[in-house]
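Data block below; observations after.
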Amino acid sequence: MDLRDFYLLAALIACLRLDSAIAQELIYTIREELPENVPIGNIPKDLNISHINAATGTSASLVYRLVSKAGDAPLVKVSSTTGEIFTTSNRIDREKLCAGASYAEENECFFELEVVILPNDFFRLIKIKIIVKDTNDNAPMFPSPVINISIPENTLINSRFPIPSATDPDTGFNGVQHYELLNGQSVFGLDIVETPEGEKWPQLIVQQNLDREQKDTYVMKIKVEDGGTPQKSSTAILQVTVSDVNDNRPVFKESQVEVHIPENAPVGTSVIQLHATDADIGSNAEIRYIFGAQVAPATKRFFALNNTTGLITVQRSLDREETAIHKVTVLASDGSSTPARATVTINVTDVNDNPPNIDLRYIISPINGTVYLSEKDPINTKIALITVSDKDTDVNGKVICFIEREVPFHLKAVYDNQYLLETSSLLDYEGTKEFSFKIVASDSGKPSLNQTALVRVKLEDENDNPPIFSQPVIELSVSENNRRGLYLTTISATDEDSGKNADIVYQLGPNASFFDLDRKTGVLTASRVFDREEQERFIFTVTARDNGTPPLQSQAAVIVTVLDENDNSPKFTHNHFQFFVSENLPKYSTVGVITVTDADAGENKAVTLSILNDNENFVLDPYSGVIKSNVSFDREQQSSYTFDVKAVDGGQPPRSSTAKVTINVMDVNDNSPVVIYPPSNTSFKLVPLSAIPGSVVAEVFAVDIDTGMNAELKYTIVSGNNKGLFRIDPVTGNITLEEKPTPNDVGLHRLVVNISDLGYPKSLHTLVLVFLYVNDTAGNASYIYDLIRRTMETPLDRTIGDSSQPYQNEDYLTIMIAIVAGAMVVIVVIFVTVLVRCRHASRFKAAQRSKQGAEWMSPNQENKQNKKKKRKKRKSPKSSLLNFVTIEESKPDDAVHEPINGTISLPAELEEQSIGRFDWGTAPPTTFKPNSPDLAKHYKSASPQSAFHLKPDTPVSVKKHHVIQELPLDNTFVGGCDTLSKRSSTSSDHFSASECSSQGGFKTKGPLHTRQVNEHFY
C-alpha cells in the first residue's frame, strides 16, 4: 500500500465516523455534454428522506439548497422543493473538467457538490459526487500535420522507426485505438506497440531495402482512429528521408532513471546527467542528446537538456501541485537512424510552498458579499459551507480551520476538510449590528502557512427593545400664573432598535389635561394657566411607543410642581372678630387668637400681624395672633374695646388685609347690692292699726351695678318677723301686711332684710334694717328714735319685740316727757333740715324729692351735716357718696353703750341659694375704692360667732380690725357679703373698709337706678 492509498483509506474512515443524520453522500454517474434540464437524481428518494416530523406527525416543508461558491457557474441545479438534480445550460466537458488526467483514471473524472436541507430542525448536509463519463467528442490528433522521419539507407528489412503518437483527450475506447498507413508503396509498413501504461506507439517498419541513391524521400499519410461511436479520425503527412549509413548506435548506461528534485529548486539546478556511448568513431561517434518526440511541451518548458553533455537542468520554477511527475524521454543519437532511448522519471518532491485554500460557499445567499441575518434567528443557524484544502502533501497539506476572534459564530466539522459556519449564540442587533471576521486555514508545515477568508454578517433589526426614558421620573417646576403654551421641558426616550423600530411617538397619560405634548419631538408645554392654590402638584404619565410590529412602549412619570407667587392677600377667618373675656382678668392674660390664612406658600405665606388703632390696651403677637391684655378689665368702666388688625404677608411686593376686633368684657359678680330705700338704718315707717292685710306698709329697693343675673336681686326677711305679721315681695321688695295688726302688735318692729343677687357661682348680698312702728300715730318721734337706738344693741337674730315691752310699760310721765322732748327735737331737726336743704337745694332737693316723694326721718341731722362738711375738708372725690371709717371695739365700762350680743341665722332657703351667712369676725379687712358705699355702721363682732354689735356714735379709731359702714344722711344701711375681700391699693385714705365680690372686687361705677316712693317715712 503506497502513501496515496493510505490517505484515501483514512479519509474513508473519517467519513464513516461522521454523523449520518448530519452528513450523507450520494454518487451519480452521467455522461458529459448533456443538454439542459436532464434529470440526474432525486435526493429525498435516493436517501429515503421523509417529510413527516416523527415527533409531531405533521408534514414539514423541506427546502433543498445547493451550496455554491460566489461567482461560480453551477454545472447542476437542485429543485428547492422536490430535491431533484438537473443539468444546467453550462455544458459538462469532461476533458476540460479533468484536464491533465491520465488515461488510467478514466473512471475517476468527477466533481463534487453539497446540498443542505432546511429548516434547522431537519438540517442535513448531502455531499454529492457526480462521475462524468467520457463521450467521444474529440478526434485523435498527431502532434504535427507533417511528420518527418530519417531512415539510413542500409536499414535492414523489418527495422522499426517510431512515429510520434497521436493524442485524444477522450479516454478508453474513445481514445486512440488504431493507426493506418496510407500509400505505403509496399516499402514501409506500420506496427502498433502498446506500452504498459496503455499507450499505443506507432512504428514504421521497413519492408524493402532502401537505396538513397535511387530514392531519398518517401511521402505517405498516416491515419489515426479512436474507438468511439461515431468513430473519429485524423491524418498527418509522413515524410521519410533516406540518409547515409551509420551502423553503430549510441547505448545509455541506464535506460530507466528515476530522480527526485524539490519543487523549490532554483532555475539552473541540475536534475541528472545522462551518459551514452557509441562504438563508432569519428563523426559517427559524436552523440547528440535530444528530447524524444513524446516529451510534452510543458515538460520541455520546465527542463533543459544539454545536447552535448546530456545534462538535464531546471529552466523554470517547478510546481509539484501543477505536475508532480515529469517523464522525459531522451534520445542519444550519433547521427544514425536508430538513436538510443532513455526514460527519465523526475519526481518533484513537495515543499510547503502553498498556503491552504479556503472554499467558502454560502447557504444563505450573500448580498454584495454580506450575509444578512435576523437577530431573532435561532442558535446553530447555518450560514456557509467551508471547504479547506492544501496542494501540498503530507504534513504540509494537513489543514486546520478556525475563526480568528471571538464572535457568536463557530465552525462545525462535517467532513475531514469541510465545516459548517453556524451561529453559536443568540444575536443582538443592539449589541453588535455587524460582524466582520476572518476564517483562518492553517497547514502544519514549517513554517506554517495560512489563508484567511473574510466573512461579513449584518444583522437585521427586530423590534425587541422598547423605548427607554432617560429618567423614569421627570420632575419639573413652573411658576403659577404662567402663559399658555409655556415651554416646560423636552421628554426624551431612546430605542436601541433601528429604522422604524426606533421611531418613537409620545403620548400623554390621564390626568394631564393642563399639558400638551408634541408626539414627535416630546416637547411638553402648558396648555392652561396654573394656580398653585387650586392644585400644587400634577402627576401624570408619558408613554413612548415605537413603530415596530408589534409596537413596544414604556412609560415615565412626570411630576410638575407649581411654584408659588404672591398673588393672594392674607385672609382673616372673620371680617369681625369678637372675643368675650371676664372682667377682673389679670393683666397680660390671653383674650383671644386672631386666625389668618394665606393661600400662598413659603415666604408669601408668612403673615405678620399688627394692631392699627389701639392705645396700647392690647398686645398682639405678630406671628401667633395671640391677643393679650395690657389693662385690667372692669366692665363697669368699659364694656368693650374695638380696634383694627392688619395682616401683611412676606411676599414681594407684600399684600395685606385688615379685620375688625371687638373685645367684649363679660360681667363678673363683683358688686354687692346697694340699698336705695330705706334711706337710713334708723328710719322707720308708721304702720297704723287700721292697715288692712295685703297693703304695702314699706318698701325696700336696692340696685346692683353688675349686669344680667348678677344684677337680678331677691329680697328676703331673715329676722324680726317671728309673728309673721309682714311679708316682703322677693322681686319688688314691697313689704305688705299678712294680717291685720292687733293691739298686741303695737310697738317698734325691726325687720332684717337680706338683699341678694343671683350671681354665679356665688351670690353677693346686703343686709338692711327696716323699722316699722305699729301704732295709730307717731307723735313722739324722739321716743321712737330712742327705741331704734336701743335696738342697735340687740343681736340681729333676735326679735326686738321680745324686749320692747318694758319700754312700753314705763311711767306715763316719762313717756309724756319723752314725747314732748321728742317733739321739740323733731321741730329743731325739721328746722335745721329745712335750713340745710335750703342751702343745698341743688344737691338734695331735686334728687331726693324726685326719687323718694317723701323724706326719711333720721336723728342727729345736724351732726351728720357736720360730718359731711368734715369729709369735704378731707378732699374726698366729688363723686363719692360714702366715706369709710373703722371704729374700735366697745368699751366694757360704758354702761350706756354696753353691747347686746346675738347671732342671726339665715333661712334654709337662702342657704340653698348660696346666700352665705355673713361673719363679721372672719371677714378680712379690705380697702374700698373712694367712691364705694359703706357696708355697715356702728357694728362690730366680738366673738367668733356671727354677731352684730350696735354701737351708735362710736368715735373713730385708727385700729382697723372691724368693718363698719357709715351711711350718709339719706342712705344709711347695713351691708355684708360672704366672700373674701381684697385690699385695694387705690384707696386714698388710711382707713380700712370692706368691698365684697365673688371675684374679690367691689366697684360702683355707673349710675344708681332710682324709682319714685309714694310712702311717707319718718
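Once segment 22-42 is narrowed to residues that are at pLDDT below 90 and within 24 Å of Lys412 (Cβ to Cβ), the residue that is surrounded by the fewest Cβ atoms within 10 Å (Cβ to Cβ) is Ile22. Could you give me the residue pairs with C-beta distances under 9 Å whose first residue belongs to segment 294-320 and is free of Cβ contacts under 8 Å to residues at least 60 places away in the same chain, whose second residue is in a helix (DSSP H, G or I) and open to solvent by less than 30 Å² (accessible area, probe 1.4 Å) wherever it lies, and which are 6+ apart or on separate chains? Pairs found: Val314/Phe302; Gln315/Phe302; Arg316/Phe302; Ser317/Phe302; Leu318/Phe302; Asp319/Phe302. So Asp247 ticks every box in (1) part of a strand (DSSP E or B); (2) modelled with pLDDT under 85 but one. Which box is left unticked? With (1) part of a strand (DSSP E or B); (2) modelled with pLDDT under 85 applied to Asp247, the lone miss is (1). When segment 450-483 is filtered for residues that are assigned to a strand (DSSP E or B) and farther than 30 Å from Leu426 by Cβ, the ones remaining, listed by number, are Asn450, Gln451, Val473, Ile474, Glu475, Leu476, Ser477, Val478, Ser479.
For Phe173, the requirement of being touching a residue at least 24 places away in the same chain (Cβ under 8 Å), open to solvent by 30 Å² or more (accessible area, probe 1.4 Å) and part of a helix (DSSP H, G or I) is met. Suppose the filter is modelled with pLDDT of 90 or more and in a loop (DSSP other than H, G, I, E, B); does Ser144 pass it? It is true that Ser144 is modelled with pLDDT of 90 or more and in a loop (DSSP other than H, G, I, E, B). Can you give me the ranges of the strands (runs of 3 or more DSSP E) entirely in segment 660-777 with at least 1 residues that are open to solvent by less than 30 Å² (accessible area, probe 1.4 Å) and in contact with a helix residue (DSSP H, G or I) (Cβ under 9 Å, 6 or more places away or on another chain)? Because the criterion is at least 1 residues that are open to solvent by less than 30 Å² (accessible area, probe 1.4 Å) and in contact with a helix residue (DSSP H, G or I) (Cβ under 9 Å, 6 or more places away or on another chain), the strands (runs of 3 or more DSSP E) in segment 660-777 that meet it are 674-677, 684-687, 701-703, 713-719, 747-757, 765-774.
Each row is one residue, and each column tells you yes or no for (1) closer than 21 Å to Ala599 by Cα; (2) under 49 Å from the mean Cα position of the chain (by Cα); (3) touching a residue at least 60 places away in the same chain (Cβ under 8 Å).
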residue	(1), (2), (3)
Asn630	no, no, no
Glu636	no, no, yes
Gly651	yes, yes, yes
Pro654	yes, yes, yes
Val665	no, no, yes
Tyr677	no, no, yes
Asn681	no, no, yes
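Within segment 659-706, being modelled with pLDDT under 85 and among the β-branched types (Val, Ile, Thr) holds for Val668, Thr682. Restricting the first member to segment 575-593 and to residues that are open to solvent by less than 30 Å² (accessible area, probe 1.4 Å), and the second to residues that are in a loop (DSSP other than H, G, I, E, B) and of a type in the set (D, E, K, R), the beta-carbon pairs closer than 9 Å and six or more apart or on different chains are Glu583/Asp634; Glu583/Arg635; Glu583/Glu636; Glu583/Asp667; Glu583/Asp670; Glu583/Lys1003. I need a count of the residues in segment 312-364 that are open to solvent by less than 30 Å² (accessible area, probe 1.4 Å), assigned to a loop (DSSP other than H, G, I, E, B) and at pLDDT below 90. Result for segment 312-364: 7. The single residue among Asn120, Asn154 that is in contact (Cβ under 8 Å) with a residue 60 or more places away in the chain and under 60 Å from the mean Cα position of the chain (by Cα) turns out to be Asn120.
Cβ-Cβ distance below 8 Å, separation of 6 or more or different chains: which pairs start in segment 226-240 with a residue that is over 16 Å from Phe188 (Cβ atoms) and end on one that is at pLDDT 90 or above and of a type in the set (S, T, N, Q)? What qualifies is Asp226/Ser233. Per the listing Asp546, Asp564, the residue uniquely of a type in the set (Asp, Glu), surrounded by 19 or more Cβ atoms within 10 Å (Cβ to Cβ) and under 27 Å from Lys500 (Cβ atoms) is Asp546.
The values are calculated or read from the model by the stated rules, or taken from the named source; none is laboratory data. The shown structure was predicted, so the numbers you read here are calculated from the model rather than taken from an experiment. Glycine gets a Cβ as well: all are built from the backbone with ideal geometry, and neighbour counts include every protein chain shown. Note: areas computed on protein heavy atoms with side chains; ligands, DNA, RNA excluded. Shrake-Rupley method; radii C 1.70, N 1.55, O 1.52, S 1.80 Å.
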